[in-house]
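The values are calculated or read from the model by the stated rules, or taken from the named source; none is laboratory data. Predicted model, so just to flag it, every value in this text is computed and none were measured. Note that each Cβ is placed from the backbone with ideal geometry, even for glycine, and that neighbours are counted across all protein chains shown.
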Amino acid sequence: MSAAPLLQVDRLGYRYGGGAGCREVSFDLHPGEVLGIAGESGAGKTTLLRLLAGDLAPGAGNVRYATRGDGIVDLHALGEAARRRLLRTDIGIVRQNPRDGLRMDVSAGGNIAERLMQTGTRHYGRLRETAGDWLEAVEIPRARMDDPPREFSGGMQQRVQLARNLVTQPRLLLMDEPTGGLDVSVQARLLDILRRLVHELGLAVVIVTHDLAVIRLLAHRLMIMQNGRVVEEGLTDQVLDDPQHAYTQLLVSSILKG
Amino acid sequence: MNAPETTAAGLAGYNFAYLDEQTKRMIRRALLKAVAIPGYQVPFGSREMPLPYGWGTGGIQVTAAVLGRDDVLKVIDQGADDTTNAVSIRRFFARTAGVRTTTDTAEATLIQTRHRIPETRLREGQVLVFQVPIPEPLRWLEPRETETRRMHAWSEYGAMQTRLYEQIVRYGRIHQTYDYPVSVNDRYLMSPSPIPKFDNPKLHHNPALLLFGAGRERRLYAVPPYTDVRSLDFEDHPFEVEHWDAACALCGARDSYLDEIIVDDRGTRLHVCSDTDYCGRRQAVAREETA
């Protein structure tokens, strides 16, 4: 693991009307590292992810990102044009609902190739070649390339979304409940693929979920959030096996039954 | 009620070319901006016109705003000078502005058009005004106006390229035959209005000023003379125009855009030029040669 962090989050805060979305969240993320963020609904997990993705502007603190060419930049001080460019090349976002991250009427191949066309690839044959490679990387047969995602199962849709994000070879992947709404065996397959790709590509990942089993399988480190604050953080096994904070203890005991 | 009296300067009781001067100034200001930023859609305060939306209210307002007393006006619809839309718009300006009208492309200084660019090459100093139903090329991909504006602002045109990609997937070739999207001056994605893609190459480096008006959508845009206009395509599926096996049945042209007409109940087909002025001129030349 290299010394320089890819992402530095410093005392990030965001308020919704009366209540706080998240408060004083700080962490570093290194290349190749998988950070899990867990907590119950309303704990501020998704708010945090939206801040990282630039969807929301923070009320306090900042997010610094180490770009490939331009050194370390403040993600929110960057102009919208530069931020959007970064978001479609260097950072991938996998949404909970594949409908938000995919064009359901465009073929799977077209969905994957879109980001490449966005960045200027104009060769149909090569686009198809690349799209096919990525479909196979997420274990979808190349023959399904011309079918639209609406004809796919939920698990396959989520895998197409993953491929669509990975095609520009980003270094950071943000995932919001990627296994939500999938049954256990389908979840297992998606997690398997994720784990393999994260390892092969050396991706840094922030994964938000309320499912501690997903966290245990994927994440190196874990942050537990409650009411917008990080109440406990550490190595995944350490936090899950020996929770210190009362809320973490409650969370662990209520989910990891038997 | 008596019909309004027509004078040399136009219709009595109406301002020259129907619109009031304040409105014309507003439209001209928008047009200046449109010319300054080729391909960019400039909002303008579109007025009610004495004809329904979809009949060319955008084009007619642009024409009214740029028309001068010395202009010679030509109006075409699908290439023809003698269709209802063309005839009524031409008569409208003949009555409200008292300007000279013509069907001769070379003689006209101002040409309002729907769905075609004349076959006769335009020259410097001429103005071509297009009637545009849907100015936003991204509209069928992204219904939100706020989002399409952002897509233009950041040049995020991958979605349009994806649409062409999908056509090759489904039909083996780019299937778009009219309103074929173009990139203007290497910056803005633009709808060329529903002209056949046959006319797209004429947009590139055209010596005439090309103005586009969409009345219902309240947008104007422009392609100044000699501007780069590139039709979107793929390296291995390059842009191509239509070709016909037939020649024009009336004038024998092989280089013009042909309409296919069914002439009897047995389905006999005839191909004729869609540009009536071009076709008529060629027929006249042929008659002279035989005489």
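Please indicate, with yes or no, whether at least one residue in the stretch A:26-46 is within 14 Å of another protein chain (Cβ to nearest Cβ), touching a His at 6+ places or on another chain (Cβ under 8 Å) and not β-branched (V, I, T).
The first filter runs over the stretch A:26-46 and keeps only residues within 14 Å of another protein chain (Cβ to nearest Cβ), leaving none.
Scanning the stretch A:26-46 turns up no residue that is within 14 Å of another protein chain (Cβ to nearest Cβ), touching a His at 6+ places or on another chain (Cβ under 8 Å) and not β-branched (V, I, T).
Would it be correct to say that B:Y165 is closer than 15 Å to A:G120 by Cα, within 13 Å of chain A (Cβ to nearest Cβ) and in contact with a Phe, Trp or Tyr (Cβ under 8 Å, 6 or more places away or on another chain)?
On the way: closer than 15 Å to A:G120 by Cα: yes; within 13 Å of chain A (Cβ to nearest Cβ): yes; in contact with a Phe, Trp or Tyr (Cβ under 8 Å, 6 or more places away or on another chain): yes.
Taking the combined requirement at face value, the residue satisfies it.
Here are B:T102, B:T84, B:T23: which of them is loosely packed, with under 14 Cβ neighbours inside 10 Å, among the hydroxyl-bearing types (S, T, Y) and without any contact (Cβ under 8 Å) to a residue 60 or more places away in the chain? Let's see the steps before the verdict.
On the way: B:T102 fails: loosely packed, with under 14 Cβ neighbours inside 10 Å; B:T23 fails: loosely packed, with under 14 Cβ neighbours inside 10 Å.
Of B:T102, B:T84, B:T23, the one residue that is loosely packed, with under 14 Cβ neighbours inside 10 Å, among the hydroxyl-bearing types (S, T, Y) and without any contact (Cβ under 8 Å) to a residue 60 or more places away in the chain is B:T84.
Inspect all residues belonging to the stretch B:58-69 and state whether any of them is closer than 19 Å to B:D179 by Cα and in contact with a Leu (Cβ under 9 Å, 6 or more places away or on another chain). Can you show your working first?
First pass over the stretch B:58-69, keeping only residues closer than 19 Å to B:D179 by Cα: B:58-59.
So of that shortlist, the ones also in contact with a Leu (Cβ under 9 Å, 6 or more places away or on another chain) come out as B:58-59.
Yes: one or more hits.
Filter the stretch B:169-179 down to the residues that are at negative phi and under 13 Å from the mean Cα position of the chain (by Cα) and list them by number. Even if it seems obvious, please write down each step before you answer.
Taking the stretch B:169-179 and keeping what is at negative phi, we get B:169-171, B:173-178.
The answer is B:Y178, and nothing else.
Return yes or no: is A:G54 within 29 Å of A:A213 (Cβ to Cβ), more than 10 Å from chain B (Cβ to nearest Cβ), in contact (Cβ under 8 Å) with a residue 24 or more places away in the chain and crowded, with 18+ Cβ neighbours inside 10 Å?
Against the criterion (within 29 Å of A:A213 (Cβ to Cβ), more than 10 Å from chain B (Cβ to nearest Cβ), in contact (Cβ under 8 Å) with a residue 24 or more places away in the chain and crowded, with 18+ Cβ neighbours inside 10 Å), A:G54 does not qualify.
Here's a check for you: in the stretch A:94-136, which residue that is of a type in the set (S, T, Y) and in a loop (DSSP other than H, G, I, E, B) is farthest from B:S155 (Cα to Cα)?
Keep residues of the stretch A:94-136 that are of a type in the set (S, T, Y), which gives A:107, A:119, A:121, A:124, A:130.
Now narrow it down to the ones that are in a loop (DSSP other than H, G, I, E, B): A:107, A:119, A:121.
Details: A:S107: 23, A:T119: 10, A:T121: 15 Å.
That would be A:S107.
Okay, residues lined up against (1) at pLDDT 90 or above; (2) over 13 Å from A:A43 (Cα atoms); (3) touching a Cys at 6+ places or on another chain (Cβ under 8 Å):
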| position | (1), (2), (3) |
| --- | --- |
| A:V208 | yes, no, no |
| A:L212 | no, yes, no |
| A:M223 | yes, no, no |
| A:L235 | yes, yes, no |
| A:Q238 | yes, yes, no |
| A:D241 | yes, yes, no |
| A:H245 | yes, yes, no |
| A:Q249 | yes, yes, no |
| A:S254 | no, yes, no |
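Looking only at the stretch B:241-255, count every residue that is surrounded by 12 or more Cβ atoms within 10 Å (Cβ to Cβ) and within 29 Å of B:M160 (Cβ to Cβ) and tell me the total.
Counting residues in the stretch B:241-255 that are surrounded by 12 or more Cβ atoms within 10 Å (Cβ to Cβ) and within 29 Å of B:M160 (Cβ to Cβ) gives 2.
So which of A:R88, A:R95, A:R64 ends up being in contact (Cβ under 8 Å) with a residue 24 or more places away in the chain, over 23 Å from A:D10 (Cα atoms), more than 14 Å from chain B (Cβ to nearest Cβ) and surrounded by 14 or more Cβ atoms within 10 Å (Cβ to Cβ)? Before you say what the answer is, go through the steps one by one.
Numbers: A:R88 fails: more than 14 Å from chain B (Cβ to nearest Cβ); A:R64 fails: over 23 Å from A:D10 (Cα atoms).
Selected residue: A:R95, the only one of A:R88, A:R95, A:R64 that is in contact (Cβ under 8 Å) with a residue 24 or more places away in the chain, over 23 Å from A:D10 (Cα atoms), more than 14 Å from chain B (Cβ to nearest Cβ) and surrounded by 14 or more Cβ atoms within 10 Å (Cβ to Cβ).
Counting only residues that are of a type in the set (A, V, I, L, M, F, W, C), more than 12 Å from every other protein chain (Cβ to nearest Cβ) and under 20 Å from B:L232 (Cβ atoms), how many does the stretch B:115-161 have?
Filtering the stretch B:115-161 for residues of a type in the set (A, V, I, L, M, F, W, C) gives B:117, B:122, B:127-130, B:132, B:134, B:138, B:140-141, B:151, B:153-154, B:159-160.
From what is left, the residues that are more than 12 Å from every other protein chain (Cβ to nearest Cβ) are B:117, B:122, B:127-130, B:132, B:134, B:138.
When the remaining residues are screened for being under 20 Å from B:L232 (Cβ atoms), the result is B:117, B:130, B:132, B:134, B:138.
Residues meeting the conditions: 5.
Kindly provide the set of residues from the stretch B:168-181 that are within 12 Å of chain A (Cβ to nearest Cβ) and either crowded, with 21+ Cβ neighbours inside 10 Å or within 18 Å of B:L203 (Cβ to Cβ) (or both), ordered by number.
Within the stretch B:168-181, just B:I174 meets the criteria.
From the residues in the stretch A:124-140 that are exposed (fewer than 15 other Cβ atoms within 10 Å of the Cβ) and more than 24 Å from the chain's Cα centre (by Cα), which one is nearest to the other protein chains (Cβ to nearest Cβ)?
Ranking the qualifying residues of the stretch A:124-140, first place goes to A:G125.
Residues that are under 16 Å from B:A36 (Cα atoms), in contact with a Lys or Arg (Cβ under 9 Å, 6 or more places away or on another chain) and aromatic (F, W, Y): list the strands (runs of 3 or more DSSP E) wholly contained in the stretch B:174-217 that include at least 1 such residues.
Working: elements: B:182-184, B:188-190, B:209-214.
In the stretch B:174-217, B:209-214 are the strands (runs of 3 or more DSSP E) which contain 1 or more residues that are under 16 Å from B:A36 (Cα atoms), in contact with a Lys or Arg (Cβ under 9 Å, 6 or more places away or on another chain) and aromatic (F, W, Y).
Looking at the stretch A:103-122 only, could you name the residues that are more than 7 Å from every other protein chain (Cβ to nearest Cβ), hydrophobic (A, V, I, L, M, F, W, C) and closer than 20 Å to B:H152 by Cα?
A:L116
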